[in-house]
Structure formats: C-alpha cells, structure tokens
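Participant: Here it is, the structure, as structure tokens.
The values are calculated or read from the model by the stated rules, or taken from the named source; none is laboratory data. Worth saying up front: this structure is predicted, and the values here are computed from it rather than measured. Here Cβ is always computed from backbone atoms with ideal geometry, including for glycine, and neighbour counts include all displayed protein chains. When the accessible area is computed, the model is the full protein with side chains, heavy atoms only, and any ligands, DNA or RNA have been set aside. Shrake-Rupley method; radii C 1.70, N 1.55, O 1.52, S 1.80 Å.
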Amino acid sequence: MLVMRPMKWKLFEFFGIPVYVDMTFLVILFLFLSDGGSFSFGLMQALVLGLSIVAHEYGHALTGRAFGCETHDISLSFIGGCASMVSMPRRGWQEFLVALAGPLVSFAIAGIGFFTFASFRISNDFLRYTLVYLFYLNLVLGCFNLLPGFPMDGGRIFRSVMMIFTTRPKATLVAMWVGRVVAVLLGLSGVWALLNGGSWAFIRIFIAWMIWKDGWREYQLALAEEDFRRWTQADFNARVSPPPYER
C-alpha cells in the first residue's frame, strides 16, 4: 500500500527503514519512457535504476547502524537517492566504511548481473538486456559515487582520509573545495551536453549545484560541531578541576 506524504509516497519498509519515492522521480520515469525504445524497456530501466539506488543507500544505512547511527528513511528523487541518517559516525574510519559501503553494494550488484549473464545461456532478449543493463548501470553508479565531490561518497571517503592528518573542520574545508572543483567540471560537462541536445544534461548541472551548495553546509556543520565539542570539554574541565589552593 502506498502511504502518501507531501511530495512523497512510501513504497515499503525493510530492516525498519522506510523507503519513499519523491514526486520528482517521475521525471526520470518520463525520460526513460520517452528517450527512445519501447515502453517495457523504458519502464524496466527506471525500475532497475530505482532498486539499484535503494540497495546502494541501504549499504550506507546498515553499515551506519553497525556503528550506532540510525537512518530515518531513504528517499528516491530525480537526482538519485538519499539515506537520511539521524547521526553520522564521528570517527574517520567509521565514516570511511559507511561511505564506501554504498559503492561496494553497487559493484556487487554489477558483479551479480555480469556473472548471471556470462554463466547462463539466456535466450530471452529482454532478460539478457536487463542483465547487461543491471551490470552497466551499477558499475557506473558505483564509479560515479566515488568521485571526490563532497558530500558524495567519494568526497566523504576523501575527508575521512584527511582526518588522519588534521581536524574534522579542516578536513571538511579541503574536501569542500576539492568537491567544488568536481562540481565545476561536472556542471561544464552538463552545459556542453545540453548545448549538444543531451536530454539528461540538466541532471548533471543540478547535481553539480547540489555538490557546491551542500559542501558549504557540511563545512558549517563541522565548524558548529567543533565549537560545541570545545564548549562541552571546557565546561567538563571546569567542573572536574579542583579549586585553586588558597592560603
């Protein structure tokens, strides 16, 4: 049963994490159905994309749960998926594993699609195409998310490595500017594709804008968290320190 939220519909719940589809995901469905091919192939591509993104986000959510970080929900939209985690891992190596889990799930699905296609003689053309598409899509999905476009997965992996050498706010600042370079390149590629008639170009441009905007928001959040940590540490030290000796 579909449970409706403003602009969202609940599809299902797995491992206690609800999955919603945003109304903007209909844009993806429309592009698949109108961008050549038959209705059945377009619908299959949209469904494979949606399920692959959900599996990718569950990789993040369940790995985060292993470190005590719960996920409120997973949402699908026309720019991809988002696992809304209630809290993020504080240790660098934990963030590294949580960020890496999504691409690893995508690569695993790509491997399953390739193995099935290569190991079994499948005569049905539709099924053969579905397996090839499953392999190709998840390979691209995994590789794209490893780009260091913070706060994408690759950007978070980059920040977690930088945290070995510096503080979280400074690592976030470096990751933000590296991500902005990626955003500019991605945006320019989208503009070039748009000028040459690419029907998917605007999605690249929008993702570039999100990387630029959300990277700054993550940096401000890191600064606020560091200020709060220092304040609580200073308050704790003031409470436990013995009073000065008085004659």
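Participant: Considering the dipole of segment 91-197 built from charges on the beta carbon (Lys and Arg +1, Asp and Glu -1) around the Cα centre, which of V181, Y136, F126 is farthest to its positive end?
Facilitator: V181
Participant: With every protein chain in place, what's the accessible area of M163 (1.4 Å probe, Å², nearest 10)?
Facilitator: Roughly 40 Å² of M163 is accessible to a 1.4 Å probe.
Participant: Hey, got the dipole for the chain? About the Cα centre, +1 on K and R Cβ, -1 on D and E Cβ, debye to the nearest 20?
Facilitator: Values: 20 positive and 16 negative charges, 77 e Å.
Magnitude of the dipole: close to 380 debye.
Participant: Could I ask something else about it? Quick one, could you list the DSSP H helices from the chain stretching 15 Å or more along their long axis (Cα atoms) with average Kyte-Doolittle hydropathy of -0.5 or above? Kindly include the intermediate steps, with their values, before the conclusion.
Facilitator: Values: long enough: 39-66 (41 Å, 0.84); 92-119 (39 Å, 1.37); 125-145 (30 Å, 1.05); 168-195 (39 Å, 1.36); 201-240 (58 Å, -0.26).
Sorted by number, the helices that extend far enough and score high enough are 39-66, 92-119, 125-145, 168-195, 201-240.
Participant: Then there's this: Of all accessible surface on the chain at a 1.4 Å probe, what whole percent is carbon and sulfur? Before the final figure, lay out the partial values.
Facilitator: Details: 10160 of 14430 Å².
Of all accessible area on the chain, carbon and sulfur atoms account for 70 percent.
Participant: Moving to a separate point now. Going by accessible area, probe 1.4 Å, with all protein chains left in place, what is the ranking of H60, H72, largest first? Show your work: numbers first, answer last.
Facilitator: Numbers: H60 15, H72 110 Å².
Descending accessible area places them as H72, H60.
Participant: Considering only protein heavy atoms, what per residue accessible area in square angstrom results for the chain with a 1.4 angstrom probe?
Facilitator: On the way: 14430 Å² over 247 residues.
Ligands and nucleic acids excluded, the figure is 58 Å² per residue.
Participant: Would you mind finding the longest exposed-site-free stretch of the chain, with exposed GluC sites (Glu not before Pro) meaning DSSP loop and at most 14 other Cβ atoms within 10 Å? It would help to have the intermediate numbers written out before the result.
Facilitator: Numbers: sites that count: E70, E246.
That gives 71-245 as the longest site-free run.
Participant: Would you list R156, R65 from the most to the least accessible area, probe 1.4 Å?
Facilitator: Working: R156 35, R65 80 Å².
Reading off the accessible areas and sorting them downward yields R65, R156.
Participant: A follow-up question, please. Which value, in Å² rounded to 10, gives the accessible area of Y129 with a 1.4 Å probe and all protein chains present?
Facilitator: Rounded to the nearest 10, the figure is 90 Å².
Participant: Now for a separate question. Given the whole protein assembly as supplied and a 1.4 Å probe, what does the accessible area of K170 come to in Å², nearest 10?
Facilitator: That residue has around 130 Å² of solvent-accessible surface.
Participant: Measuring from centroid to centroid over Cα atoms, what is the spacing of segment 114-183 and segment 37-97 in Å?
Facilitator: 12 Å
Participant: Can you compute the helix-only [θ] at 222 nm over the chain? Use -39500 (n - 2.57) per DSSP H run of at least 4 residues, normalise by all residues, nearest 500 deg cm²/dmol. Working shown, then result.
Facilitator: Working: 7 runs with 165 residues, N = 247.
After summing the helix terms and dividing by the residues of the chain, the value is -23500 deg cm²/dmol.
Participant: Sort F107, F15 from largest to smallest accessible area, using a 1.4 Å probe on the heavy atoms of the protein chains. Walk me through the numbers before you get to the answer.
Facilitator: Values: F107 65, F15 110 Å².
Descending accessible area places them as F15, F107.
Participant: Also, quick follow-up: Roughly how many debye, to the nearest 20, is the charge dipole of segment 108-188 about its Cα centre, given +1 on each Lys and Arg Cβ, -1 on each Asp and Glu Cβ, and no other charges? Write out the running numbers ahead of the final one.
Facilitator: Values: 7 positive and 2 negative charges, 59 e Å.
The dipole magnitude comes to about 280 debye.
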